[in-house]
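Structure record follows, encoded as structure tokens.
The values are calculated or read from the model by the stated rules, or taken from the named source; none is laboratory data. Here the structure is a predicted model, which means the values were calculated and not measured. Counting neighbours? That spans all protein chains shown, and the Cβs are built from the backbone with ideal geometry, glycine included. Only protein heavy atoms, including side chains, enter the accessible area calculation; ligands, DNA and RNA are left aside. Shrake-Rupley method; radii C 1.70, N 1.55, O 1.52, S 1.80 Å.
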Amino acid sequence: MSKLKVTLGHLLPKPAQSVDDLLLGNSPSPQIAPTPEPTAGDDAKIRFTNALPPNTFRRLQQYTFWSHETIGDVLNDALLAYLDGKPEADREIPAKQAKRRRLPPI
């Protein structure tokens, strides 16, 4: 008695290109649109990353859960309150350094 060979290949969609073309890059790749630059304005936002001590991060998560606010809103309010008393926050950075820090236009 021979074993019955089960194939499920007919259930998978066929790729538009052969596997060799996909791996070796023999065919043109689809064009990916560039990400638009953020525009200056009140509703424009710039993503950044940072690190917090675990306890601070836990408290931030707990607060945003119970207050139904976003982390971005909490950080924005906290930073604005902190920077209000700092005259350095309103001094312009020299153009060369502003470009290096990728600051958005005013």
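Here are some notes:
- The trypsin sites (Lys or Arg not before Pro) of the range 58-106 meeting both criteria, a DSSP state outside H, G, I, E and B (loop) and at most 13 other C-beta atoms within 10 angstrom of the site's C-beta, are R91, R101, R102.
- Carbon/sulfur fraction of accessible area - the range 50-98, other protein chains in place, 1.4 Å, %: 58 percent
- Pair Y63, A81: separation of 7 Å Cα→Cβ label points (nm): 0.7 nm
- Calculated FRET value between D43 and I93, using beta carbons and R₀ = 25 Å, to 0.05: 0.60
- Cα→Cβ-extended label distance, 7 Å offset, between Q17 and R102, nm: 2.8 nm
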